[in-house]
Amino acid sequence: MYSVVNILFPQIRQIFEDMIRRFSILRECEKVLFLIIVNKIFRMKLQLFNISNFKVDGGAMFGVVPKVLWSRIYSSDENNLIVLTLRSLVIETDEHVILVDTGWGDKQDEKFFRHVYLHGGEGLTEGLNRRGYKPEDITDVVLTHLHADHCGGGVKRNEGGTGYELTFPEATYHVSRTQWEWAVKNNVREADSFLDENIIPIMDSGHLNLVDEEGELFPGFSVRICYGHTPGLIIPVIKYKDKTLVYTGDLIPTVAHIPVIWNMSYDIGSLKTIEEKEKILEEALNGGYILVFQHDEHIECCTLEMTPKGIRAKEKFDFKEIY
Ligand SMILES: [Zn+2]
């Protein structure tokens, strides 16, 4: 489906442009204006793909929420494990091909991955390849944060296996300064998630850009910075056509995490997470934004509505339906 859309996009754009050029009633300056608008509307191409599924303890994903409640919404296996996806966004603009998050990667040994239960998905470079991108085409990698399931794929073993190199050799890697400084300092609580081999080679490559503040990183692509899950978590907010998309990352990993107190036990500051979720959910509700979920096994996107219990998902749909 994605590939059909990709093939059709330039053609639809061409039809619009031809129509405007032939419209003889329009004055020349009006035609130029319309062409600019058409180009603005169609200039960004967004695609979502799942790098891989993995499994994680259901209790850890829902913190203090009892299993009797969360299991009605998100099913688990006999070992209490639930399946999460690793959806990444790839965004093509006039000057950039931006990849948001890179999954686990494959640098660690079998013992490490035995506890991750990787299965399904398209793979990182394979998923990009299917959408027409080689690793060299990626100009920018935005890492929401440096937990291993979000940044590991950005660094790979080199040819001889003697060291590490960037998976996307031409790309600038963007990480918030707060998250970078927090991760390299490391801490016992997140030690299993901040792995040197995922992080240090980025700095050594000279391709690291530290993001200091919220705002537009690329045209139509802004970042918010949150502190509850881990200090310096980037939440991308993207203007696409007439819509605003929020890639909710680990702030709201699944639809089941929309209620503000349904949070992961991985969060460093749960009260901060609640505050940050309240703020972004309220803004998203009022602005009619679309939430895009990185980790929800079943739901890719949703809109929001106010209910007597608070803000909840309204319409749930696949990313391709946004086109
Ligand atoms: Zn995380």
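For region 211-323, the spherically averaged projection of the C-alpha convex hull amounts to 7.0 nm². A protection proxy built from the mean count of other Cβ atoms within 10 Å ranks the segments 190-196, 66-72, 297-303, most packed first, as 297-303, 190-196, 66-72. Compute the helix-to-body angle for 2-22: its Cα long axis versus the longest principal axis of the chain, expressed 0 to 90° and rounded to tens. The angle comes out near 30 degrees.
Fully extending the segment from residue 305 to residue 60 would add 85.5 nm, taking 0.36 nm per residue of separation and subtracting the current Cα-Cα distance.
The overall shape of region 182-265, judged from the alpha-carbon gyration tensor, is oblate: a/c is not under 1.5, and a/b is no greater than b/c. In the chain, a dipole from Cβ-located charges (positive for Lys and Arg, negative for Asp and Glu) runs towards its positive end, and of 86, 59, 291 it is 291 whose Cα lies farthest in that direction. For the chain, the longest principal axis of the Cα atoms and the long axis of helix 196-205 meet at an angle of about 40 degrees.
Considering only Cα atoms, the convex hull volume of region 42-93 works out to 103 Å³ per residue. Pull up the cross-link candidates among the aspartates and glutamates for residue 111, meaning alpha carbon to alpha carbon under 17 Å and not fewer than 8 places away within one chain. Here the aspartates and glutamates satisfying the reach criterion relative to residue 111 are 149, 192, 197. Modelled spin-label separation between residue 274 and residue 239, with each label point placed 7 Å from Cα along the Cα-to-Cβ direction: 3.5 nm.
For residue 265, the solvent-accessible surface with a 1.4 Å probe is about 60 Å², rounded to the nearest 10. By the helix-only formula, in which each DSSP H run with n ≥ 4 contributes -39500 (n - 2.57) and the sum is divided by residues, the chain has a 222 nm mean residue ellipticity of -9000 deg cm²/dmol. Computed over the chain, the P(r) curve from all C-alpha pair distances, binned at 20 Å from the origin, holds 31, 57, 12, 1 percent per bin.
With both labels modelled 7 Å from their Cα along Cα-to-Cβ, the residue 204 to residue 282 distance reads 4.6 nm.
Against the chain, whose longest principal axis comes from its Cα atoms, helix 270-287 is set at around 20 degrees. Here the label points at residue 261 and residue 315, each 7 Å from Cα along the C-beta direction, are separated by 3.2 nm in the simple model. Counting 0.36 nm for each residue step from residue 73 to residue 119 and taking away their Cα separation leaves a gain of 14.4 nm. Sorted on the mean count of surrounding Cβ atoms within 10 Å across their residues, most packed first, peptides 109-117, 205-213, 79-87, 131-139 read 79-87, 131-139, 205-213, 109-117.
Both numbers refer to the Cα atoms of region 128-278; Rg and Dmax are 16.0, 49 Å.
Region 267-310 and region 119-188 have Cα centres lying 26 Å from one another.
Full extension of the segment from residue 165 to residue 110, taken as 0.36 nm per residue of separation minus the current Cα-Cα distance, would add 17.8 nm.
The values are calculated or read from the model by the stated rules, or taken from the named source; none is laboratory data. Here the structure is a predicted model, which means the values were calculated and not measured. Reconstructed Cβ throughout: ideal geometry from the backbone, glycine too, with neighbour counts over all protein chains shown. Just so you know, the surface numbers come from the protein's heavy atoms only, side chains and all, with ligands and any DNA or RNA stripped out. Shrake-Rupley method; radii C 1.70, N 1.55, O 1.52, S 1.80 Å.
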